[in-house]
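A short reminder: the numbers here are calculations on the coordinates, not readings from a lab. Keep in mind that this is a model prediction, so the values were computed, not measured. All Cβ positions, even for glycine, are placed from backbone atoms using ideal geometry, and neighbour counts span all protein chains on display.
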Amino acid sequence: MRPKIIVHGGAGEIVDEHINAHISGCQEAIEVGWEILDQGGTSLMAIEHSIRLLEDNPVFDAGRGSYLNQDGFVEMDAIVMNGDDLNIGAVAGVRQIRNPISLAIQILHKSEHNILGGQGALQFAQDLDLEECELDWFITDYTRDICKKQISNSKKFGTVGCVALDSYGNLASGTSTGGIKNKATGRIGDTPLVGSGAYADNLTASVSATGNGEAIMKVVLSKLACDLTITHDSIESAAREAIQILYNRTNSHAGLIMIDPKGNLGCAFNTPRMSRAWVDNSGDIQARIYPDN
Ligand code: GLY
């Protein structure tokens, strides 16, 4: 089966000076994930390595570059889900782990639990020798400035994600985030909540969501989009309907990417911009940030 992969770098009012970096960051992430899939790697492997690049890229709200909380440091959430066995790995509120997506992957493979947070998540990561960084390493001039100015806005979100279908026909999804601007310390968003920040089921679809976490979790957006594929003719219309339901019920904003078991790609968002990249049927990388092109 021909593999498929799509990544996103978040939905929101991405500022003009960040557009090029968003596009090139998504392109780099998709190249890495595509190469893994093309060489017979699994969807989970592709997702981990694509998202690690996005986390290390300071233009995105995940890993280095995560928005700061009200006390001026980062707290990050991440999730991965496997569509074959519905296995989940997620972390909530981790502080000094360089790549929260890799911690989520380790939890999926090695923990009897689905979600770890706080001191237990840190201990789990340290037992596996996952890389740690000083809290200052995660902070950029841009995020420090936003924090100082106390900027918060209902359409300014971040988050990164990736969904993939591997050559064995297995779907998976992953999402990683620093959350929203100037969030309360200890706030957990939608990302690590299964069905909200991501969902993957080989019987329906795999989804990664981005946007206002408080709203996303009310409609369990990623699971909603998966379930809508059962009654919709195309994955694109299922994606659009999920975002419309989110808006109708919460008056809020979000975006999502998805792949169905046949390899069809979907994307929908109701924010001004959402950066994303994918490999088209000719094997060429495509990247976009605006709604219509
Ligand atoms: N969707 C990211 C967050 O609200 O944390």
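Some points to look at:
- Sorted fewest first by neighbouring Cβ atoms within 10 angstrom, Met258, Met45 come out as Met45, Met258.
- Here the chain is assigned +1 on the Cβ of each Lys and Arg and -1 on the Cβ of each Asp and Glu. Its dipole about the Cα centre then comes out at about 860 debye.
- Since only Gln286, Gly197, Ile180 are under comparison, the one whose Cα sits farthest along the positive direction of the charge dipole of the chain, derived from C-beta charges on Lys, Arg, Asp and Glu, is Ile180.
- When the Cα positions of Ala125, Leu53, Ile243 are compared along the charge dipole of the chain, Ile243 comes out farthest toward the positive end, with charges on each C-beta of Lys, Arg, Asp and Glu.
- Applying Stokes-Einstein at 37 °C and 0.692 mPa s to the Kirkwood radius of the stretch 152-293, computed over alpha-carbon pairs, gives a translational diffusion coefficient of 219 µm² s⁻¹.
- When each of Glu35, Glu241 is scored by the number of other beta-carbon atoms lying within 10 Å, the sequence from fewest to most is Glu35, Glu241.
- Shape call, the stretch 90-238: gyration tensor on alpha carbons, a/c limit 1.5: oblate
- Net charge dipole size for the stretch 124-275 [Lys, Arg +1 and Asp, Glu -1 on Cβ; Debye, nearest 20]: 900
- Mean separation of Cα contacts under 8 Å (6+ apart) over length of the stretch 145-239, as relative contact order %: 25
- Report summary: the helix-based calculation at 222 nm, which adds -39500 (n - 2.57) for every DSSP H run with n ≥ 4 and divides by the residues of the chain, gives -10000 deg cm²/dmol.
- Residue ranges 17-24, 208-215 sort as 208-215, 17-24 when ordered by packing (mean number of other C-beta atoms within 10 Å per residue, highest first).
- Taking 0.36 nm per residue of separation and subtracting the current Cα-Cα distance, fully stretching the chain between Tyr168 and Glu17 would add 50.4 nm.
- Two-decimal Rg to Rh for the stretch 230-270 - Kirkwood Rh, Cα set: 1.00
- Taking Asp166, Asp16, Asp38 and counting other C-beta atoms within 10 Å, the order from fewest to most: Asp16, Asp38, Asp166
- Percent of Cα pairs exceeding the 31 Å cut-off, where the set is the chain: 17
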